[in-house]
Amino acid sequence: MYNNVKIPLSLLNQVIYILENIEISNYCDAFLAEYYDLLGTLRKKKDSLDLRDAYAKIINAKDEDSRHWARMQYLEQRRSLRSDF
């Protein structure tokens, strides 16, 4: 069986959007636990992809000023993600 699957980023964003907008107040605790676990995992994956993209901007910067700005953005994004835990 497959452990990892590749899906388009647009589909990941769409799934997160739909899950965030589903009315879940009438569901049982077992469902809610799985729902929040799934949504949290998808958000974490999205954040990881965003952070990887921010790092790529450092590597692909055209000049030193752009590289410095991209690095500051990356560090701020990484700090923000770590504070969420």
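The values are calculated or read from the model by the stated rules, or taken from the named source; none is laboratory data. Because the structure is a prediction, the values reported are computed rather than measured. In this analysis, Cβ positions are derived from the backbone assuming ideal geometry, glycine residues included, and neighbour counts consider all displayed protein chains.
Here are some notes:
- Among the residues of the range 67-82, just one is of a type in the set (Ser, Thr, Tyr) and surrounded by fewer than 13 Cβ atoms within 10 Å (Cβ to Cβ), namely 80.
- Close pairs (7 angstrom Cβ cut-off, 6 or more residues apart or separate chains): more than 18 Å from residue 37 (Cα to Cα) in the range 3-16, surrounded by 10 or more Cβ atoms within 10 Å (Cβ to Cβ) and of a type outside the set (D, E, K, R) anywhere: 9/49
- Unique residue being at pLDDT 95 or above and out of contact with any Lys or Arg (no Cβ under 9 Å at 6 or more places or on another chain) when the list is 56, 70: 56
- Qualifying residues in the range 1-17 (those that are more than 29 Å from residue 71 (Cα to Cα) and of a type in the set (A, V, I, L, M, F, W, C)) - the one surrounded by the most Cβ atoms within 10 Å (Cβ to Cβ): 15
- When residues in the range 18-66 are screened for being assigned to a helix (DSSP H, G or I) and surrounded by 10 or more Cβ atoms within 10 Å (Cβ to Cβ), 31 of them pass.
- Selection within the range 1-49 - more than 20 Å from residue 80 (Cβ to Cβ) and β-branched (Val, Ile, Thr): 5, 7, 15, 18, 22, 24
- Scanning the range 67-85 for residues that are closer than 20 Å to residue 16 by Cα and either in contact with a His (Cβ under 6 Å, 6 or more places away or on another chain) or part of a helix (DSSP H, G or I) (or both) yields a count of 3.
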